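First up is the structure itself, then whatever we jot down about it.
Since every read-out is calculated from the coordinates, none of them should be taken as a lab result. These numbers were taken from a predicted model, which means no experiment stands behind them. In this analysis, Cβ positions are derived from the backbone assuming ideal geometry, glycine residues included, and neighbour counts consider all displayed protein chains.
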Protein chains: 2
Amino acid sequence: MIHFTDRLINGIRTKQSPLCVGLDPRWENLPHAISQLHATTQKGRAAAYEAFCIRVLELVQPYTAIVKPQSAFFEVLGAPGHQAMEKIIDKAHALGLMVILDAKRNDIASTATAYAESAFVQLKADALTINPYLGRDAVEPFIAEARKHHAGLYVLVRTSNPGARQFQDLKTDLGKVHEVVARAVNDWSRENLSVSGFGDIGAVVGATSPQELAHLRKLMPQVPFLVPGYGAQGGSAVDCQGAFNAQGIGAVINSSRGITFPFKLDDYQWEEKIVKAARQASVELASLTSN
Amino acid sequence: MIHFTDRLINGIRTKQSPLCVGLDPRWENLPHAISQLHATTQKGRAAAYEAFCIRVLELVQPYTAIVKPQSAFFEVLGAPGHQAMEKIIDKAHALGLMVILDAKRNDIASTATAYAESAFVQLKADALTINPYLGRDAVEPFIAEARKHHAGLYVLVRTSNPGARQFQDLKTDLGKVHEVVARAVNDWSRENLSVSGFGDIGAVVGATSPQELAHLRKLMPQVPFLVPGYGAQGGSAVDCQGAFNAQGIGAVINSSRGITFPFKLDDYQWEEKIVKAARQASVELASLTSN
């Protein structure tokens, strides 16, 4: 099987865009055309999430190589939510899309292994987001399980929320906390390089400022980036340029609400709006990979 | 409804022990008496986890006020695992036990709210473990949701794994990273004090050394502690003394495998072994609350 990052880069080349479409379904954001067909029970909502997300996958498939379901929105619907997430991931794979499961997991030893198995065996995700606070030995079971399945990880390095600075920007003898994490992630990623020169351990790096993004790219030359904060969260495409290397590779840029909820709830053209938003984001981000 | 920490302290007084029993079910650790009744399918294993954990709850109920299911071991079984966890939590409440859901969640804004709703509304847990790396604004939705339901949170401050020092012990201008987190957690907890003088935001603090535990108790005088690492993980009761204040209150001490898996798989007296282990741990830890 092909290395995670080579599959990722191949997918980006094929779709000619580093766009990643986030799937963050919320009942109150669903088009009436979908929500009216379902009861407001846990089971009904899960069925509506499944129907909506599967339609979104079909609509965005020409414009993106990667999708990122947000686990929390499915978990909150209990077992039916979990089943909906399974089916959405299966559908994504059937459409040739790669899946980054956004679950920000973290724990030690066999518990960490269970989380990783949940992502890579049970849900068959291609990559999982994880939180580094517990240190390398806690990250190790995630790495072992990811490598067993030729999957990837994205470690939270610097998040895009305003309060991220409280702990992530604390100054230490070795630089800011998130810079120390960044260097560690680069070391971990170098253990298993792909043909592209990037490893299989990625970093979540918010598009907080173009300078910071470029600085973190320098600290992590062999780490694939996952950049949230584009679109509805405020970042522009040009703000994300620093996430890419000189060859225009090494990052995926996520947009969730901007692509999946660009319509009014009663708009009968909601599908066309999603297609238009996906196409526009895809083209806009394509420019970042062209130099 | 009574403040989380007052309910916790009342429970500890009633059972005369700060013991917390961790529920970390693993197929290969189940007594044959249970595993032989179930298929090795996802559904069969989930049914076995449910049967085993519900029996454990009945057996340990006289000796503990609190149980801590580990979400990862249920998640790895998909939707049936999730349903098993729901039923186990319901059973714990029916037996008058409080439930700390160990899931180490973290995210921002509405995603954090969804995780918190999943814990406090969908699963009805009394408390949830969370990871602080993203900072206060990311913790805020968890706090808001916990307070709405008179529930608690336990923030990872200093974990017990050897690699925890890699990031948690980095030296900053304001002390080690985990000490900065500790002071923040104390501030957050003080916002909502119980009759006991403790707030509703707790800290996960590994029983790594008695000195460190006592030091962290000083940094967080108003924070309820959850201390892992007792029993099978190597810590002794006396090592945990520092987690308590001068009145002998303010902490729960978790033991998982030492209580739930003290038998050989084919031992037909596995239930008696669990009762014996729970009683012994309960009595041993009782001494910590008596001064």
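Laid out as a table, the results:
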{"read-out": "Cβ charges +1 (Lys, Arg) and -1 (Asp, Glu), total dipole of chain B, debye", "value": "300 debye"}
{"read-out": "Label geometry 7 Å along the beta-carbon vector: A:Gly96 inter-copy distances in nm", "value": "6.3"}
{"read-out": "Karplus-derived HN-Hα couplings along the range A:89-106 (A = 6.51, B = -1.76, C = 1.60, θ = phi - 60°), whole Hz, x at Gly and Pro", "value": "5, 4, 5, 4, 5, 4, 8, x, 8, 8, 10, 9, 7, 8, 9, 6, 6, 5"}
{"read-out": "Residues with amide H under 5 Å from that of A:Thr172, placed H, sequence gap 5 or more", "value": "A:Val177"}
{"read-out": "Anchor A:Lys171: aspartates and glutamates whose Cα lies under 16 Å away (excluding residues fewer than 8 positions away in-chain)", "value": "A:Glu179, A:Glu212, B:Asp169, B:Asp173, B:Glu179"}
{"read-out": "Backbone N under 17 Å from the A:His32 label point (7 Å along Cα→Cβ), restricted to the range A:251-270", "value": "A:262-270"}
{"read-out": "In Hz, Karplus ³J(HN,Hα) per residue of the range A:17-33 (6.51, -1.76, 1.60; θ = phi - 60°; x = Gly, Pro)", "value": "6, x, 5, 10, 9, x, 10, 10, x, 9, 3, 6, 9, 6, x, 3, 4"}
{"read-out": "Residue order, fewest to most surrounding Cβ atoms within 10 angstrom, among B:His38, A:His178", "value": "B:His38, A:His178"}
{"read-out": "Helix axis angle, B:4-15 relative to chain B longest principal axis, alpha carbon, degrees", "value": "50 degrees"}
{"read-out": "A:Glu271 versus B:Ala109: modelled label distance in nm, points set 7 Å from Cα along the beta carbon direction", "value": "2.9 nm"}
{"read-out": "For chain B, calculated [θ]222 nm from helices alone, where every DSSP H run of n ≥ 4 adds -39500 (n - 2.57)", "value": "-13000 deg cm²/dmol"}
{"read-out": "Label point 7 Å beyond Cα along the C-beta direction, distances from A:Lys124 to other copies (nm, shortest first)", "value": "3.5"}
{"read-out": "Inter-site label distance for A:Lys264 and A:Arg183 at 7 Å from Cα along Cβ, in nm", "value": "5.5 nm"}
{"read-out": "Aspartates and glutamates with Cα under 18 Å of A:Lys273, excluding same-chain neighbours fewer than 8 positions away", "value": "A:Asp24, A:Glu28, A:Glu58, A:Glu284"}
{"read-out": "Exam field: B:Gln36 pseudo-label spacings to other copies (7 Å along Cα-Cβ), nanometres", "value": "5.9"}
{"read-out": "Distance violations [Cα-Cα > 25 Å] among B:Lys148/B:Lys176; A:Lys176/A:Lys218; B:Lys15/B:Lys87; A:Lys148/B:Lys176; B:Lys68/B:Lys276; B:Lys68/B:Lys264", "value": "B:Lys148/B:Lys176; A:Lys148/B:Lys176"}
{"read-out": "Antiparallel DSSP beta bridges within the range B:96-249, percent to nearest 5", "value": "10 percent"}
{"read-out": "Backbone HN-Hα couplings from phi across the range B:48-53 [Karplus 6.51/-1.76/1.60, Hz, Gly and Pro as x]", "value": "5, 4, 4, 4, 5, 5"}
{"read-out": "Potential extension, A:Gln42-A:Val238 segment - 0.36 nm per residue separation minus Cα distance", "value": "66.5 nm"}
{"read-out": "Amide hydrogen neighbours beyond the local backbone of B:Gly248, cut-off 5 Å, H modeled", "value": "none"}
{"read-out": "Cα centroid of the range B:165-239 to Cα centroid of the range A:46-93, whole Å", "value": "38 Å"}
{"read-out": "Amide H within-cut-off set for B:Asp200, under 5 Å, with H built and near neighbours excluded", "value": "B:Asn192"}
